[in-house]
Amino acid sequence: MQKEPLHFCFLLFDGFSNMVLASALEPLRVAQQLPNSAELTWDILTLDGSPSLSSSGIEIAAQGSLQSMTRTDYLVVVSGYGIREHTTKEACSQLRRAARRSGKVVGADTGSWLMAASGILDGTAATIHWQEMAAFEETFHRISVSQRRYVVEPATITCGGASTVMELILHLLGEHFGPSVAFDVSNMFIFDVERQHHLGRGPDRLKAAGSPKLKAAVDLMIRHVEFPMSLPEIADSIPVSMRSLNRLFARELGLTPGKYYQLIRLGRARELARETDFPLAEIALRTGFSSASTLSRAFSSTYSMSFNEVRAKQKRE
C-alpha cells in the first residue's frame, strides 16, 4: 500500500460544477481523518492563478497557476459549461506541459474535452459527461469513446459527472491505500434514507459497498466501542464461523477483523483527543482500552504521533 503522501492538483475552469469538485475533494478529506488515515495533499489551481467561478456562481480561490505546479501524482482537470471557449491554444499548450509533470492526468465532467483537444488522449479510450458524449465522439476521431463510468489508461483517467467522480476517487483510494480506506470513506457518503431512519447511523447506511455480513459485523463494532465485543461474539451475532469472519475481512477490507476493530476504537480516541480535554485515562475508558498506557502505545504505533502532538496540531489549525 501507499507509503509516501499522495498529491492531487485540481485545475479549475470557469463553469465547473461545485458538486463535481466536492465529489472529489470530500472523499479525500474524509480519507485523511480515518483511523487508518491516508496521507493525502492537494492544491487548487487555475491557468493563471486567479479565482475560478463555478456554474452556480460560487468563486473558488486558487492556490497557484498551472505553470507553478512542480510535480503531482494526479492532475485533475475540472470543467463544466463553456468547455469550447476554454479550449484555447494557450490552455492546450499549458496542459501538455503540465502532463509531463504529472503521474496521471484526469478528466472530470467535461475535462476530457480539454485533454482530447490537447492531444493527451490520442490513441486511448476515454469517456466524458453523457451530455457531451455524441459531440465528443464526432470531434475527436483518434480516441476510442467508452460508455464506462470511468476509464483508466496508463497515463490518463477520464470520467463523467459527480457520481462517477466519487466512484473514481474511491477506486483510487482503494488502489493506493487499501480496500478498508475506500470502504470507510464510502460509509460517509452512500446511504439509504429510509434504512437510516430505522437502523440509525453506521455502515447499515451503505447501499452499494460491502457485503451484508461485512456491514453487519462493522456495525456491531461501531456500536460497541466503549465496551468491545469479542470477535467470537461478533461472529455468532452475524452469524458466521470465526474462520469465515477472518476470510470476510481479508477478502473485502484486506485486514483482520481484530485490526479493523482496533482502528475503529483508535479513530474514536483520536476524535476525543481533538475535540475534548479529557485526560488519556478517560479516553481509554471510553474507547475500550484496558489502560491509558495500552491506548497510548497503540495510538502512537498507528498514527506515529502522541496525543499531545495531536492536540497541539489541532490548536494550530
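The values are calculated or read from the model by the stated rules, or taken from the named source; none is laboratory data. Note that the structure is predicted; figures quoted are calculated from it, not measured. As a convention, Cβ positions derive from the backbone with ideal geometry for all residues, glycine included, and neighbour counts pool all protein chains shown. Side chains are part of the model used for accessible areas, which takes the heavy atoms of the whole protein and leaves out ligands, DNA and RNA. Shrake-Rupley method; radii C 1.70, N 1.55, O 1.52, S 1.80 Å.
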Express in nm, to one decimal, how much length is gained between SER93 and ARG274 on full extension, taking 0.36 nm for each residue of separation and deducting their alpha carbon distance. 60.6 nm
Tell me the angle of helix 257-275 to the major Cα principal axis of the chain, expressed in degrees between 0 and 90 and rounded to the nearest ten. 80 degrees
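Would you kindly state how much longer the chain becomes between ALA312 and HIS141 on full extension, computed as 0.36 nm times their sequence separation minus their alpha carbon distance, in nm to one decimal?
On the way: separation 171, 0.36 × 171 = 61.56 nm, distance 5.56 nm.
My answer for the length gained is 56.0 nm.
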Take peptides 164-172, 151-159 and line them up by average Cβ neighbours within 10 Å, highest first, as a rough protection proxy. 164-172, 151-159
Highest-first arrangement of 120-129, 290-299, 176-185, where packing means the average Cβ count within 10 Å: 176-185, 120-129, 290-299
Sites ARG148 and ASP122 - FRET efficiency at Förster radius 25 Å, r taken between beta-carbons, to 0.05: 0.85
Of all accessible heavy-atom area on the chain, the percent that carbon and sulfur account for (1.4 Å): 52 percent
Taking R0 as 25 Å and r as the Cβ-Cβ distance between ALA155 and ARG251, the FRET efficiency 1/(1 + (r/R0)^6), rounded to the nearest 0.05, comes to 0.20
Give the peptides 43-50, 99-106 in descending order of average Cβ contacts within 10 Å, highest first. 99-106, 43-50
Taking only DSSP H segments of four or more residues, each worth -39500 (n - 2.57), what value at 222 nm results for the chain once the sum is divided by all its residues, to the nearest 500 deg cm²/dmol? -14500 deg cm²/dmol
At q = 0.10, 0.12, 0.15 Å⁻¹, what is the base-10 log of I(q)/I(0) for the chain according to the Debye formula with one equal point scatterer per Cα and no solvent? Please give it to two decimals. -0.66, -0.88, -1.16
Taking R0 as 41 Å, what FRET efficiency do you get between ARG84 and SER244 from their Cβ-Cβ distance, rounded to the nearest 0.05? 0.15
